[in-house]
1. Being surrounded by fewer than 22 Cβ atoms within 10 Å (Cβ to Cβ) and in contact (Cβ under 8 Å) with a residue 12 or more places away in the chain narrows it down to one residue among B:V223, B:V174, B:V237, B:V170; which is it?
2. Of everything in region B:471-489, what is touching a residue at least 24 places away in the same chain (Cβ under 8 Å), in a loop (DSSP other than H, G, I, E, B) and over 16 Å from the mean Cα position of the chain (by Cα)? Give them in sequence order.
3. Residue pairs, Cβ under 9 Å, 6 or more apart or interchain, first in region B:265-287 and of a type in the set (S, T, N, Q), second outside any loop (DSSP other than H, G, I, E, B). List them.
4. Quick one: B:I637 ticks every box in (1) surrounded by 22 or more Cβ atoms within 10 Å (Cβ to Cβ); (2) away from chain A (no Cβ under 14 Å) except a single one, so which number is it?
5. Could you say which residue among B:T556, B:T594 is over 22 Å from B:G516 (Cβ atoms) and among the hydroxyl-bearing types (S, T, Y)?
6. Does B:I407 fit the bill of being modelled with pLDDT of 95 or more, away from chain A (no Cβ under 14 Å) and surrounded by 20 or more Cβ atoms within 10 Å (Cβ to Cβ)?
7. Anything in region B:559-579 that is within 14 Å of another protein chain (Cβ to nearest Cβ) and in contact with a Pro (Cβ under 9 Å, 6 or more places away or on another chain)? List them, or say none.
8. Contact list please: Cβ distance under 6 Å, first residue in region B:193-207 and touching a residue at least 24 places away in the same chain (Cβ under 8 Å), second residue part of a loop (DSSP other than H, G, I, E, B), pairs at least six apart or on different chains.
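The values are calculated or read from the model by the stated rules, or taken from the named source; none is laboratory data. Here the structure is a predicted model, which means the values were calculated and not measured. Using ideal geometry, Cβ is built from the backbone for each residue, glycine included, and neighbour counts are taken over all protein chains shown.
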Amino acid sequence: MGFVRVNFTLAAFAAGLVLGQVPALAASAENGKVAFVKNGCWQCHDFNGQGSVSTSAGRVIANTQLPFDAFKAYVRDPGGAMPPFHVEILPDSDLADIYAYLESLPKPRAAKDIPLLNQ
Amino acid sequence: MPKKDSSAKNNPKLDRRKFLAAAAVAGASSAVKPAMAATEAQPQDQPRPPSVLPPNARVAAAENGVPDIPPYSTEGRPGSDFMVDVIKTLNIKYLPANPASSYRAIHESLIDYGKNTMPEFLTCTHEEAGVGIAHGYYKIANKPLMTLCHGTVGLMHATMNIYNAYCDRVPVIVVNGNDLDAAHRPPGVPTVHSAQDINAIVREFTKWDDTPVSAQHFAESFVRAYQIATTPPCAPVAISLDDGLATEPIRDYGQKLSIPKYVPTAAPAGELGAVREAARLLVNAERPVIVADRAVNTERGISLLVQLAELLQAPVVRQNGRLNFPTTHYLGRPESVIGQADVIIGLELADYWNTVNKFTDNNAQGVGSVSSRIKPGTKLISISTLQLMTKSNYQEFQRFQSVDVPIAGDVEATLPALIEAVKLALPDSRKDAIAKRGQAIREAHMKGRDETKQLAAIAWDATPISTARLCMEIYAQIKDMDWSLVPSSGNVSNWPLRLWAMDKHYHYSGDSGGYGVGWGAPASVGGALANRDEGRFSVSIQSDGDMMYSPGALWTAARHKIPLLAVMHNNRGYHQEVMHVQRLANFRNRVVNTGSDLGPIGTSIMNPDIEYHKLAESVGWWAKGPIKDPAELGPAIKEAVAVVKSGQPALVNVWTQPR
């Protein structure tokens, strides 16, 4: 499947500066896209992080508003229905890449501008 | 197997296979006009039953015409001809079934003596498909069909969808070919396919079954089976069809054969005292919530539920066993409102426990955590037929939930009394507060709708195609017609229920009930069959995994010219299992092994990808795909709609996101 290709290095760098987070500095959205699939994130969150009412309680992780540390803490120990991804199966570097991928996804258009959503 | 009758006892040479000559003589005194007798016997002054019920034989005859069955005597007539007369009195329109030697006698009678009308035989490629078609048909038409199964093996094939129908409280008349007489049945295969008690295979998930041993017994059993199946709680029933009884000439027991008149049974309504108590709780509640699952499946039922909700200005949570409540109504709300409720009324909930409790599958040891969804002190009311039909073995009755006011009864039959009780109990002093509550819900509804649309916009142009885009591209092509989203299997995050305007029961009629995979494809064909007779456009959202269980249902649609637009939700996996195996690997702190697939080994449907469009073409459908680019989807569906309008089934194979 052909995902939207985004070179995220600059954006991640900028985000890392703002957030002061070292992992994000080295993150690659392109690698993150691969890691997102390889680690099975797509299964519940769909390939573009849009999620589903039936698999992610409707939560959207594309363009997540969570800072990286909070994101990482949640993935390591979600507590709810999501199974944990410990560091042994998902290294920090992969997680940082996944975060970068999610941040790189294009913002959705406004629903009012999509005719099929206004039938 | 026919009983030994007195004539047989007096003449030991008269066994089952040598009965022909004797029956030919004796039958002359047993001349009957069974079908005519059944209709003539209708009393003129009988009160009209409630409109919620299916039509009785008289009404059905007036509407559709009962075939003219000439008077006949039993002389030399095979038992199966009489059985066909019995079946015809019940106005059963179709008989989807896979042909089989064990019921060859009635098969021949149906198509030759019965002229293949009422019922019309629909050729199926699997017994499971026959039952699934009957199930889907009922959900749209509210009329049951019958199917025939081939002995032990055929009934075993049918079982999963019989279980689905049982869980979904849908009537199907299942007739099982069998040959009881071990001394006379052919050896070899027919004996292997026979059983001492064939209905035992499905007894735990049918409402009733019988093994008739004479023609008269068959007539009474069949009409009884129909009546039991269609009286709420509705469910499948099973009749064993003895090959000897069907093949041989009708035996004379010295009594004229007759066909019992079928009169629909009034559905059970809740006890009035309990209904009044429910009304008292509801009108005095600050935050009442109505939850509806398999509650109503008629226009009248939907209208009654709207009346109740508007009287109370109470939000309605749809659990989607049926449409229940218009998607366009401002009182339709998500399940999160359950947590704010002080009174909840559950209407035919398949799982009340899970409505007010939350189970989270989050423990590596296999024990999930449970939390309450409701506030302490929330009063619970239930109107349900669940307690009127509960068996032991199969656990579809779910965990036990204690309820403050449990009312045993059919929802649609009970709603008029509940509405009246609410009107009587509603004090003027509460009316302002109730109106204010309604206004707040209306505002929340509008906000929620806008938020839902914005969620649908995410990944709108993505590849694979998002399920929101898939659903809205379909809706754009059908919304200006009289349309029906027929029962099917695609799990597309409920987008149709969230964004399509649905206010008729046939716009959406719920899932399989038992979640047995292999139901969607045949059920969608059954739903389309019912819609065809109403001139209504049918569309299904068909999942890939389900399709491969019974793809033969597609051929049945092509063979019998059943127009249906099937849009594949092809996420190339058994996606529920994709997630389950990943979940277990995570709990065990292991990297899941995906081999060369996307999902864990054993859960993907890829390498090679299945070309559903080619599969459909090979069985006589128009088809297109695979569609991967969202920009190509609308034009492909438009093309397919035109084909379906011409009377052909059409399939569009779409590569989609998982959910």
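1. Residue meeting the stated conditions: B:V223.
2. B:M481, B:D482, listed by residue number.
3. So the pair list comes out as B:T265/B:Q227; B:T265/B:I228; B:T265/B:T230; B:N284/B:V343; B:N284/B:A425; B:N284/B:R430.
4. (2)
5. Details: B:T556 fails: over 22 Å from B:G516 (Cβ atoms).
From the options B:T556, B:T594, the qualifying one is B:T594.
6. Spelling it out, B:I407 is indeed modelled with pLDDT of 95 or more, away from chain A (no Cβ under 14 Å) and surrounded by 20 or more Cβ atoms within 10 Å (Cβ to Cβ).
7. B:N570, B:N571, B:R572, B:G573, B:H575, B:E577, B:V578, B:M579
8. Qualifying pairs under 6 Å: B:S194/B:D179; B:E204/B:K391; B:E204/B:N393; B:E204/B:Y394; B:F205/B:Y394; B:T206/B:P236; B:K207/B:A235.
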